[in-house]
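Notes follow the structure.
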Amino acid sequence: MQQDTLLTAGQQLTASPQLTANESPDAETVIIDTGCANLSSVRFAFERLGAKVLVTDDKAKIKAAKRVVLPGVGTAGVAMASLHEKGLVELIQGLTQPVLGVCLGMQMLAAISKERGGKGQDCECLGIIPTDICELDTQLLKAESLPLPHMGWNQLKLTTNSQGANSPNVHPLFAGIEDGSYVYFVHSYRAPLSEFTLAECTYGEGFSAAIGKGNFMGVQFHPEKSAAVGAQILRNFLQMDELQMNEALMNKALRSNSADGQAGVNKADQ
C-alpha cells in the first residue's frame, strides 16, 4: 500500500503520482505512514512551525528524504507488523539521513520490546539501538502511589551524551533546551538508562526520555504536545541534514577523545 500526502500549514493536497520528495524542496521531511493513530498530531506540529512534510509509505520517497520521522502509538507488535507488511523494516534500518522516532517510534528503534500484546513472545523491533524496552517497574510505582501509564508533564535531565543548552557537546536535537525542561509523556513501557541515553526522566525509576545512536534518535515523550520545548526540539530536527549530523557527531567524538586523552595525561602526572 502506498499513500502520499503533501502537507502545508492550513492546507492538505493530494500529491500527484509524479511528485517526489526530491522534486519539491518543501517535502524534504518525510513522516513514515506506519498506520498509527498519531500521524495527524505529529504532522500538525511540523505545520505549526511552517514546515511542509510528506506523509508516505513509498520506499523511494522515504529513502530520498532529507530527514525522516518514525511516529507511533499503540503496541509494539502491531506497529512492527505494519512495518513488515509495508516492507519497510530493512529500508528504515539502512537509512543514513537523520531519523527521529517519536514515542512508540522511539521504542521501535530498540532491539526487543517486552510488550507482547497478548502473544507468547517478546516483540522483535528494528534493532538499530541496542537496548530493550520493558514495562515501567510496577512495584516501584506502587510503592510511590504512582499510576500506570505515566501520563502528564515531567522533567528532562540531559545526560553527559547530550549536556546542557550552553554546552559545546549538546546533541543537535537538544540545542537550546535547558536541563530540567518539562515535556509531556504518555507511556507504560520504557528504555532503560544506558550509554545511548540522551535525556532521562524519573517516574518511580530513572528511564531514557531520549536515546540516540549515529543518525538515529528517539524521544519517549510527545514533542507535538510539549508546548515551546517540544516545538524547539522539532525545530532542531528540521534543521538537520545528513552532512550536518555527521559533522556534529564527528566533532563530539573528537572532543570526547581529546577529553579522554587529557584525563590520561592528568592521571599520569599524579
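Observations on the model:
- Maximal additional length on extending the Glu124-Glu144 stretch stands at 4.0 nm, based on 0.36 nm per residue less the C-alpha distance.
- Packing rank of 59-66, 210-217, where each peptide gets the mean count of other beta carbons within 10 Å, highest leading: 210-217, 59-66
- Per residue accessible area in Å² of segment 128-241, where ligands, DNA and RNA are left out and the probe is 1.4 Å: 41
- With a simple spin-label model that places each label point 7 Å from the Cα along the Cα-to-Cβ direction, the separation between Ser194 and Thr96 comes to 2.5 nm.
- Modelled FRET efficiency - R0 30 Å, Gln239 with Glu178, Cβ distances, 0.05 increments: 0.95
- Cleavage-rule hits, trypsin sites (Lys or Arg not before Pro), segment 76-159, DSSP coil, Cβ neighbours within 10 Å at most 15: Lys114, Arg116, Lys119
The values are calculated or read from the model by the stated rules, or taken from the named source; none is laboratory data. This is a predicted model, so every value here is computed, not measured. Cβ coordinates were reconstructed from backbone atoms using ideal geometry, including for glycine residues, and neighbour counts include every protein chain displayed. For accessibility, only protein heavy atoms count, side chains too; no ligands or nucleic acids. Shrake-Rupley method; radii C 1.70, N 1.55, O 1.52, S 1.80 Å.
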